[in-house]
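Notes for the one structure printed next.
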Amino acid sequence: MACISSFNIIKDRFTVFLEENGHRKTPERYAILEQIYKSEEHLNVDTLFSKMIEENYRVSRATLYNTLDILIESRLVRRHQFGDNVAYYEKSFFDGKHDHIIMTDTGEVLEFSDPMVQEIKKTIEEVFDVSIDTHSLYFYATKNEKSDNE
Ligand SMILES: [Zn+2]
């Protein structure tokens, strides 16, 4: 998490979103949001569930799934599918907007941030006269074997 005051901005956005969409403002929903913003890694439902238990939050899996759907809809959280059939979640603010490389041999997920991606977006927006809201970019890769002359 960047800092307390920046998390308050996120909380406020979530509050507005919940109110505008007629969702209840339960403490569990805010706790789940906070947990995702505190985490530096990609979380799946299982890891998120155990983190909630560690912090003595008794949430059901149904609540977790339901809240995650709301968080995705509010655009405060991003969902990823990294090759296996598991969904991963991460914050979409204050994380320096990155993209992912999925290592298909090891299952490892690498993050990168390249200004070229922003350039491409700008060009596409101009050429097609559109505004890009979000994007998803995944590279699927395998590690190069060490060559002898290295
Ligand atoms: Zn990521």
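Some notes on this structure:
- For the stretch 1-95, the solvent-accessible area of protein heavy atoms averages 56 Å² per residue (probe radius 1.4 Å; ligands and nucleic acids excluded).
- Per-pair calculated FRET efficiency, R0 = 41 Å: His135 and Ser50 via Cβ, rounded to 0.05: 0.85
- Placing a label point 7 Å from the Cα of Thr142 along the Cα-to-Cβ direction, the residues of the stretch 52-83 with a backbone N closer than 18 Å are 83.
- Where labels lie 7 Å past Cα in the beta-carbon direction, separation of Val127 and Lys38 in nm: 4.5 nm
- For the stretch 1-56, the square roots a ≥ b ≥ c of the C-alpha gyration tensor eigenvalues yield an a/c of 1.5 or more together with a/b not exceeding b/c, which makes the shape oblate.
- Of all accessible heavy-atom area on the chain, the percent that carbon and sulfur account for (1.4 Å): 50 percent
- DSSP bridge pairs, the chain: antiparallel proportion in percent, nearest 5: 70 percent
- When the chain is treated as a GNM with alpha-carbon contacts under 10 Å, the residue of Asp133, Asp84, Asp105 showing the greatest mean-square fluctuation is Asp133.
- For Val109 and Val16, a Förster radius of 30 Å and the Cβ-Cβ distance give a FRET efficiency of 0.45, rounded to the nearest 0.05.
- The shape of the stretch 97-150 comes out prolate: with a ≥ b ≥ c from the C-alpha gyration tensor, a/c is at least 1.5 and a/b beats b/c.
- Tilt relative to the chain, helix 4-20 - C-alpha long axis, 0 to 90 degrees, to 10: 70 degrees
- Prolate/oblate/rounded label for the chain (Cα gyration tensor, a/c 1.5): oblate
- The alpha-carbon of Lys91 sits under 30 angstrom from the alpha-carbons of these lysines, leaving out residues fewer than 8 places away in its chain: Lys11, Lys25, Lys38, Lys51, Lys121, Lys122, Lys143.
The values are calculated or read from the model by the stated rules, or taken from the named source; none is laboratory data. Worth saying up front: this structure is predicted, and the values here are computed from it rather than measured. A quick note on method: Cβ atoms are made from the backbone with ideal geometry, for glycine too, and the neighbour counts reach across all protein chains shown. Surface accessibility is based on the protein's heavy atoms, side chains included, excluding ligands, DNA and RNA. Shrake-Rupley method; radii C 1.70, N 1.55, O 1.52, S 1.80 Å.
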